Amino acid sequence: MINKSRKFILLLSGLVIISLTVNTLNISVVNNTSVLANLDEEINKDSALHDIPILAYLEDYINSEIRQEIEDYNIAGVTVSVVQDGEMTLAKGFGYKDFGFASPVVVEETLFRLGSISKTFTAIATMQLVELGLLDLDVDVNSYLTVFKIPDTFAEPITLRHLLTHTAGFDVSTSSVLYESYEDMLSLEEDLITNIPDRVRPPGKLTGYSNYGSALVGYIVQEISGKTFFNYIEDNITLPLGMNSTTCRQQLSLEFQEDMSSAYYDTEHPGFYEYFSLYPAGGFTSTATDMAKFMMMLLNNGTYNNVTILEENSVQDMFSDQYSVHPDLPGVGLGLYEADYRNAHIVGHGGDTIFFHSSMMLFPEENCGLFISYNSRSGILGMSRFISGLLESFYYFNRVVEPVENYKQRASMFSGTYVSTRRYYSEKNGLDVLFWSQYYSVNISVGKGYLKIAGLDDINFVEIAPYFFVEQTGTMDLSLFFKTDENEQITHMYTNWNTALTTYEKIHTSYVNTNLQLGLLILMGTISLISLSMWGIDSFFRWKKGKKRGKIILSIPKIWYIGILTTAIVTISLLMKINHETIVLSTETATAFQSILFLPYLSIAFIIGNIVLTFFAWFGVFNLEKKPYWNLMTRMQYSVLTVFSILYIIFPIYWNLLIF
């Protein structure tokens, strides 16, 4: 069972790392009360015997697990620190900062890239300026911008609270973010101006992880404080805390260059130093011991070593849910987010670059924190295994699962493909979103009343409360929650392993079944063109032999069938074109396909005409000779094409293109 859980965590974590609306839906929370509260109360009694602070085996776990991961995943180096009750209880380096020269990781000296953990520093800087009255979390951010403005796409303005919780409603920015050369890197201001992402929904509705939004917060800190972002961070956070080996500067000093860990694809293939143009979102560098100080400050409500950099209320705002979709799923704070699993309450942030993979995990109830970072691309596998193994080893979990009464009948409504909001919503720079979105999607199917996720066929999810699912055996802490619109149609999905920063939107069937569209197009075209060609060849030879042309009434049915054929081909072709330009959600038919909505109705007119003309052909209606039109073979051929055209209407219905 542990292996299944690890497989699940590794796969889903991989999807999160790989990933970087056209219309807004009026979604509603179906159930805003906890469905697991009573179960969790019983679990807590057992879990208290297994929590991290009272177990002496934590260091043994770290030592054995990381050494094994280095071997299994060909990782060059790892750095770790653990804090508890205001003290650093463990700090250790593993492997090498420079594999070629066998230079070991020295925990007090070796620098690792923090990736998106940088966002927590940016959030702290923001809260400091809020405390001074220079910033307001709920004011239009355009009021702080002078050189450029965020477009007023929607009536509701974007605020700092939206940016810090990733609910601004941004598409993914086209910014390159990461550069191999400092000279090629855009400045923060240039990047923010050049790569303003589209606003795809009003702010505050859904989460959509955004590096651009976090970098914009850092830029505002710079503008309002009157200091460069680098200087502000050093003057107000890192140096006061004694974090002398932490920096967000992209050009490292000579001293830092000597201590900087190399980056690796694997131990035999070095990577390159990564320069971040959006450095407030991901460009920080630090040591494990400096991060220990940072964690102790956060766990001690903004104070470390008698130095207070943030008021207690501000820290609590960072820790508390500013955005939540369900009481039993993790929420989002300000620059931090929950990642609860196996009854462990965790607040923190992860961070990933191409080569460095890091995690800062805070356990507020245990007054404990853990920081870990890997310097190799395959470290994502090691980190995922480390975290899932840590929680499985130190936190007991088991629950009794009782499905809702009609769960088998309800299951089919949840099946489909769901795609992350952290994606491109339309074609940009030649990008094919149909191909790109495959890296962001989750496919859900139904088997015997249980939901299954593609790639995890041995794990079943069962509905225990309306729209809320858990792993069926009760031995794995895995949950799904589905949101609906005002018509009770499924629109969004959330999980407890991806945190509320990840929202999945249900995709329209026309987007998912592209092979079906292409196959239908080929099948209709082939059969129809063969038939029309046969009629054309017959007419040609009749003309060559000098025979009289048939009556005009005999040509009308064939011309009419060309109408249904043309309409079908145009409809399917446009559907495929739309699929490559934008991801269409399940509730967006009227708006996404508005340019082709008349075509299915035109198809119906042609189909009705085909049926009528087929009847005329067989019974000789209006034929003065009072006998069927054409010979038997031609009538049968036309009848087959009519049946085929009738079957075609199934597909506009399947695609929800017929709106009555």
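Can you find a residue in the stretch 373-383 that is under 28 Å from Ala168 (Cβ atoms) and part of a helix (DSSP H, G or I)?
yes
Limited to the stretch 460-505, what total is found for residues that are touching a strand residue (DSSP E or B) at 6+ places or on another chain (Cβ under 8 Å) and small (Gly, Ala, Ser)?
Result for the stretch 460-505: 2.
Which residues, counting only those in the stretch 72-88, are closer than 16 Å to Glu108 by Cβ and in contact with a Cys (Cβ under 9 Å, 6 or more places away or on another chain)?
Val82, Val83, listed by residue number.
Give me the pairs: first residue in the stretch 62-89 and under 13 Å from Leu381 (Cβ atoms) and assigned by TED's automatic domain parsing to the domain that holds Asn306, second residue of a type in the set (A, V, I, L, M, F, W, C) and in a loop (DSSP other than H, G, I, E, B), beta-carbon distance under 9 Å, and six or more apart or on different chains, which are they?
Here the result reads Ile66/Ile75; Glu69/Ile75; Ile70/Ala76; Val78/Val105, each pair linking the stretch 62-89 to a residue that is of a type in the set (A, V, I, L, M, F, W, C) and in a loop (DSSP other than H, G, I, E, B).
Regarding the stretch 186-204, can at least one residue be identified that is buried (at least 21 other Cβ atoms within 10 Å of the Cβ), assigned to a helix (DSSP H, G or I) and not acidic (Asp, Glu)?
Yes, the stretch 186-204 contains at least one residue that is buried (at least 21 other Cβ atoms within 10 Å of the Cβ), assigned to a helix (DSSP H, G or I) and not acidic (Asp, Glu).
Testing Ala454 on (1) under 18 Å from the mean Cα position of the chain (by Cα); (2) at pLDDT below 85; (3) surrounded by fewer than 21 Cβ atoms within 10 Å (Cβ to Cβ), one condition comes back false. Which one is that?
Failed condition: (2).
For the condition of a type in the set (Gly, Ala, Ser) and surrounded by 23 or more Cβ atoms within 10 Å (Cβ to Cβ), what is the one hit in Ala123, Ala155?
Ala123
Can you confirm whether the stretch 309-331 contains a residue that is in contact with an Asp or Glu (Cβ under 8 Å, 6 or more places away or on another chain), modelled with pLDDT under 95, more than 26 Å from Ala281 (Cβ to Cβ) and of a type outside the set (Gly, Ala, Ser)?
Scanning the stretch 309-331, I find no residue that is in contact with an Asp or Glu (Cβ under 8 Å, 6 or more places away or on another chain), modelled with pLDDT under 95, more than 26 Å from Ala281 (Cβ to Cβ) and of a type outside the set (Gly, Ala, Ser), so the answer is no.
Go through the residues of the stretch 203-218 one by one and say whether even a single one is within 28 Å of the chain's Cα centre (by Cα), basic (Lys, Arg) and at negative phi.
Yes, the conditions are met somewhere in the stretch 203-218.
Could you tell me which numbered condition Arg249 fails, if it satisfies all but one of (1) in a loop (DSSP other than H, G, I, E, B); (2) within 18 Å of Asp98 (Cα to Cα); (3) of a type outside the set (Val, Ile, Thr)?
(2)
So if I check each of Glu268, Glu312, Glu258, which one is surrounded by fewer than 17 Cβ atoms within 10 Å (Cβ to Cβ) and under 26 Å from Asp184 (Cβ atoms)?
Glu258
Would you point out the residue of the stretch 411-429, among those that are at pLDDT below 85 and out of contact with any Leu (no Cβ under 8 Å at 6 or more places or on another chain), that is farthest from Leu206 (Cα to Cα)?
Of everything passing the filter in the stretch 411-429, Asn429 is farthest from Leu206 (Cα to Cα).
Which residue is farthest from His357 (Cα to Cα), if the candidates are limited to the stretch 95-149 and must be assigned to a loop (DSSP other than H, G, I, E, B) and small (Gly, Ala, Ser)?
Among residues in the stretch 95-149 that are assigned to a loop (DSSP other than H, G, I, E, B) and small (Gly, Ala, Ser), the one farthest from His357 (Cα to Cα) is Gly133.
Name, by its number, the condition in (1) at pLDDT below 90; (2) buried (at least 16 other Cβ atoms within 10 Å of the Cβ) that does not hold for Leu480.
(1)
From the list Thr228, Thr207, Thr194, Thr174, pick out the single residue that is closer than 18 Å to Asp138 by Cα, in the same structural domain as Val325 (by TED's automatic domain parsing) and not basic (Lys, Arg).
After ruling out the rest, the residue left standing is Thr207.
Among the residues of the stretch 457-499, what is the count of those that are aliphatic (A, V, I, L, M) and within 22 Å of the chain's Cα centre (by Cα)?
Matching residues across the stretch 457-499 total 6.
Between a first residue in the stretch 182-210 that is among the β-branched types (Val, Ile, Thr) and a second residue that is outside any loop (DSSP other than H, G, I, E, B), which pairs have beta carbons less than 8 Å apart while being 6 or more apart in sequence or on different chains?
Close Cβ pairs (under 8 Å, with a partner that is outside any loop (DSSP other than H, G, I, E, B)) amount to Ile196/Tyr212; Val200/Phe170; Thr207/Tyr323; Thr207/Val332.
Restricting the search to the stretch 293-318, which residues are of a type in the set (Ser, Thr, Tyr) and not in a helix (DSSP H, G or I)?
Scanning the stretch 293-318 gives Thr303, Tyr304, Thr308.
Scan the stretch 592-628 residue by residue and report those that are at pLDDT 80 or above and of a type in the set (Phe, Trp, Tyr).
Phe598, Tyr601, Phe606, Phe615, Phe616, Trp618, Phe619
Suppose we filter the stretch 158-185 for residues that are polar (S, T, N, Q) and either surrounded by fewer than 18 Cβ atoms within 10 Å (Cβ to Cβ) or not in a loop (DSSP other than H, G, I, E, B) (or both); how many remain?
Residues in the stretch 158-185 being polar (S, T, N, Q) and either surrounded by fewer than 18 Cβ atoms within 10 Å (Cβ to Cβ) or not in a loop (DSSP other than H, G, I, E, B) (or both): 4 in total.
Taking only pairs six or more apart or across chains, which ones have beta-carbon atoms under 8 Å, a first residue in the stretch 337-366 that is more than 20 Å from Ala288 (Cβ to Cβ), and a second residue that is part of a strand (DSSP E or B) and small (Gly, Ala, Ser)?
Once the first residue is more than 20 Å from Ala288 (Cβ to Cβ) and sits in the stretch 337-366, its partners that are part of a strand (DSSP E or B) and small (Gly, Ala, Ser) give Tyr337/Gly348.
Criterion first (in a loop (DSSP other than H, G, I, E, B) and loosely packed, with under 15 Cβ neighbours inside 10 Å) does Asn231 satisfy it?
Taking the combined requirement at face value, the residue does not satisfy it.
The values are calculated or read from the model by the stated rules, or taken from the named source; none is laboratory data. A quick note: this is a predicted structure, and the numbers were derived from the prediction, not measured. Every residue, glycine as well, gets a Cβ built from its backbone with ideal geometry; the counts of neighbours run over all protein chains shown.
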